[in-house]
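Below: one structure, written as structure tokens.
The values are calculated or read from the model by the stated rules, or taken from the named source; none is laboratory data. Bear in mind the structure is a predicted one, so any value in this text is a computation, not a measurement. Virtual Cβ from ideal backbone geometry, glycine too; neighbours counted across all protein chains shown. For the accessible areas, the whole protein counts, side chains as well, though only heavy atoms, and no ligand, DNA or RNA atoms are used. Shrake-Rupley method; radii C 1.70, N 1.55, O 1.52, S 1.80 Å.
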Amino acid sequence: MQREKEGDLNHSSDPSENIKRFLAAMDDLVIPRFKVSDLEKGSMKTVIDCLVTLRARFIPNVVGDSISPTSLIAKSGSPHGDAFSPGYFSPLPGEERQKVVTDSKFQRALRTTVISEQPAALRHPVGHKFHEVFQLKQGRYADLPEAKISEMMKPNCLDNAPTQSLLSVVNGILDESIERKNGEISNRVACLLRKVVQEIERRISTQAEHLRTQNNLFKVREEKYQSRIRVLEALASGTNDESQIVMDQLQHVKSERVKIEEREKSEEEDVIKLTKEKDHNNLEISTLKQELEITKKACELRCTNMETETKSTQKDFEKKLNELEHLLENSRNTVKELESNSETKSQRWNQKENIYQSVMEFQFGALQELRFSSTSIKQEILKAQNIYSEEFDRLGVKLKVLADAAENYSVVLAENRKMFNEIQDLKGNIRVYCRIRPFFPGQKEKRTTIEYIGENGELVVANRSKPGKEGHRLFKFNKIFGPDATQAEVFSDVQPLIRSVLDGYNVCIFAYGQTGSGKTYTMTGPNSATKENWGVNYRALNDLFDISQRRRSSIIYEMGVQMVEIYNEQVRDLLSNDGSQKKLGILSHSQPNGLAVPDASMQPVKSTSDVMDLMDMGLRNRAVGATALNERSSRSHSVLTIHVVGRDVKTGAPLLGNLHLVDLAGSERVDRSEVVGDRLREAQHINKSLSALGDVIFALAQKNLHVPYRNSKLTQVLQSSLGISLLVIFF
Ligand SMILES: Nc1ncnc2c1ncn2[C@@H]1O[C@H](COP(=O)(O)OP(=O)(O)OP(=O)(O)O)[C@@H](O)[C@H]1O
């Protein structure tokens, strides 16, 4: 085919040969083909199918009917168009295609006449005759023999004659008649002329018909093309929108590309950085590898050690395993024993279970009884509840009475307090008790000077150096405690006065006597005293806190302690923490709170133990010196003052009371103590202050207007309390 298209010069001039070559080409292309006999029979269906398939193979995009026969003719370009005539390529079916085939033959006839009339005329016998007619141009048509004209007049004789030849015949006849001047034409020529003209007319009408058909076809195709154009236009407009979207996308892609480029740049930088890091890491890895190598070697060494250890351990394990197996054997034996024991135990448990079962049954019976009794108890409880509610009502009434009584209690208490203190007053503001110290071990009791101890405080002391009445002296005291009197008995007479302190009175308790006469013993107690040996101080303080605790619902008390010593007419603080021995000043006028030495430390106390701790501290600080009479003789007055501040809970009225516990210095005569120098001076100060105290007490007892407080530091310190105090003096 290609060769045919390219106008291969080797093609044969024989059409049947050409058809064979065509069919061979079809076989090469594996296209279903027609047979030569089909062409001979005129059956065109297989031929057309073959050609359609061929066309579809080589021109796949062209629809069958879109190719006009003319275009196919032009394409074929073959001068031997019998096998490849335009009609064979036409897709028109049936009659129409047949027409086209016919028309094509006509056209071919016309064309061959116009373009190359000679070869067509040569191929057809009638054409040959027409050639001969044409050759008659030099002769005359009128002179044609009748037989020849008759042959030309035969039907179908002119069918294959070229139209140009026919027209030449007509022209020739007409020219010939014009040349004859008279215009006559023979009948034979006229018949020939008519025949030729009729053939020409027939051909023209056929051509016109064909043109009409073609025109219709073209119209139909035009409409088709128009609709296709519209579709394509629609598609083109759609394509515009799409192209716009594509442009946007392209823009977006460009921006994305820029971003990607930037990212690539940063990634490149990262890559550089990473490469550096990689180098660094590689370096580290190489060092690590070296370390690893070293470690590996060490590990190998360790492994070898461990292997040796493992072997030894394995041996140990094997030994232990043997031991364990032995133990296991023992254990098995034990288990067997235990199993037999457990068997006996289980039998015992079964027995016990039976016992428990019977006990349970008994308990169940008891439970039933308990249930009965609980219901009866419930009833009793209900009864009791009723009784209780009645009782509560009655109690409420009684409680009201009690509340009323409590209202009056504080009034009664105040009255009671007043009466109590009046009784104390009646007993005397100043009480002087005498306590006789027992003989020390080794002293002869026959050498006693005490002749008589009366019931009412009379004491007769014998002075054996003086004869007669002068040898006996009578002393009168509020009470005399004999050598056998206990600490508790001594305190019992003082005890009521402690209560008065909490009622707002000032109480002074002195211990007066010679060195070694038992002042400290009476006031404090012996060294490391037990509760039984406690002196007046401890017992008084204990009572003070006890009573204050009992009264806390009506009066709240706060207590503070001061402890000073008067040594050589100088006042020192015994409770100072810094241990300073600074001299303290004394206020000349009595203060409402009873504080005569304001600069002395005031330590708040909440319990007896607090005070005891402070007293221990004070006693340690107290100046103690040795004399011929007593190794532990104190030559200073110690004054322990408990300041009590009370506040009535209801009224808020304040209460101020002071308790002075005074352990006076030894009152022995100077000549007897056989002291000189500093000791003599100490003794003189002591005697002077004791004498001043005696004067003050005498003036108070006599109720003198003038009381000489200013004669000693001792009386000055106690001035605020001595005037309105209850005084107790122990001799
Ligand atoms: N009633 C008593 N019963 C038993 N022992 C006593 C009694 N009174 C005092 N003593 C003892 O007598 C000794 C002297 O007593 P204490 O120290 O109390 O005398 P003092 O008058 O305080 O002497 P100073 O003036 O030196 O302080 C102490 O050993 C004491 O235990």
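Structure summary
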read-out	value
Among (1) surrounded by 15 or more Cβ atoms within 10 Å (Cβ to Cβ); (2) outside any loop (DSSP other than H, G, I, E, B); (3) modelled with pLDDT of 75 or more, the one test that Ile31 misses	(2)
Subset tally (residues that are β-branched (Val, Ile, Thr), more than 7 Å from the ligand (Cβ to nearest atom) and either surrounded by fewer than 22 Cβ atoms within 10 Å (Cβ to Cβ) or in a helix (DSSP H, G or I) (or both)) for the stretch 502-533	1
Residue within the stretch 666-674 that is part of a loop (DSSP other than H, G, I, E, B) and modelled with pLDDT of 85 or more present	no
Pairs where the first residue, in the stretch 653-668, is more than 16 Å from the ligand (Cβ to nearest atom) and the second is of a type in the set (Asp, Glu), C-beta under 9 Å, 6+ apart	Pro654/Asp648; Leu655/Asp503; Leu655/Asp648; Gly657/Asp503
Test: Leu459 is in contact with a strand residue (DSSP E or B) (Cβ under 8 Å, 6 or more places away or on another chain) and either assigned to a helix (DSSP H, G or I) or open to solvent by less than 70 Å² (accessible area, probe 1.4 Å) (or both)	yes
Test: residue in the stretch 186-198 that is surrounded by 18 or more Cβ atoms within 10 Å (Cβ to Cβ) and among the hydroxyl-bearing types (Ser, Thr, Tyr)	no
Hits in the stretch 567-581 (condition: open to solvent by 20 Å² or more (accessible area, probe 1.4 Å) and not aromatic (Phe, Trp, Tyr))	Asn568, Glu569, Gln570, Arg572, Asn577, Asp578, Gly579, Ser580, Gln581
Criterion (away from the ligand (no atom under 16 Å from the Cβ) and touching a Gly at 6+ places or on another chain (Cβ under 7 Å)) met by exactly one of Asn456, Asn463	Asn463
Tabulated pairs, the stretch 465-490, first over 13 Å from Gly454 (Cα atoms) and of a type in the set (D, E, K, R), second part of a strand (DSSP E or B) and within 9 Å of the ligand (Cβ to nearest atom), C-beta under 7 angstrom, 6+ apart or interchain	Glu489/Phe481
Residue list for the stretch 465-487, restricted to those being under 18 Å from Lys519 (Cβ atoms) and in a helix (DSSP H, G or I)	Gln487
Test: residue in the stretch 488-501 that is at pLDDT below 85 and open to solvent by 80 Å² or more (accessible area, probe 1.4 Å)	no
Subset of the stretch 552-566 (residues that are within 55 Å of the chain's Cα centre (by Cα) and open to solvent by less than 10 Å² (accessible area, probe 1.4 Å))	none
So Phe439, is it touching a helix residue (DSSP H, G or I) at 6+ places or on another chain (Cβ under 9 Å), open to solvent by less than 90 Å² (accessible area, probe 1.4 Å), at pLDDT below 90 and over 30 Å from Thr651 (Cβ atoms)	yes
Selection within the stretch 462-487 - open to solvent by 50 Å² or more (accessible area, probe 1.4 Å) and closer than 30 Å to Ala540 by Cα	Phe475, Lys476, Asn478, Lys479, Pro483, Asp484, Thr486
Filtered residues of the stretch 534-551 (kept if surrounded by fewer than 16 Cβ atoms within 10 Å (Cβ to Cβ) and either of a type in the set (Asp, Glu) or within 14 Å of the ligand (Cβ to nearest atom) (or both))	Asp546
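Conditions (1) in contact with a Cys (Cβ under 9 Å, 6 or more places away or on another chain); (2) open to solvent by less than 90 Å² (accessible area, probe 1.4 Å); (3) assigned to a helix (DSSP H, G or I); (4) at pLDDT below 90, marked per residue:
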site: Gln244; (1), (2), (3), (4): no, no, yes, yes
site: Arg257; (1), (2), (3), (4): no, no, yes, yes
site: Arg263; (1), (2), (3), (4): no, no, yes, yes
site: Glu268; (1), (2), (3), (4): no, no, yes, yes
site: Val271; (1), (2), (3), (4): no, yes, yes, yes
site: Leu283; (1), (2), (3), (4): no, no, yes, yes
site: Leu288; (1), (2), (3), (4): no, no, yes, yes
site: Ala298; (1), (2), (3), (4): no, yes, yes, yes
site: Glu343; (1), (2), (3), (4): no, no, yes, no
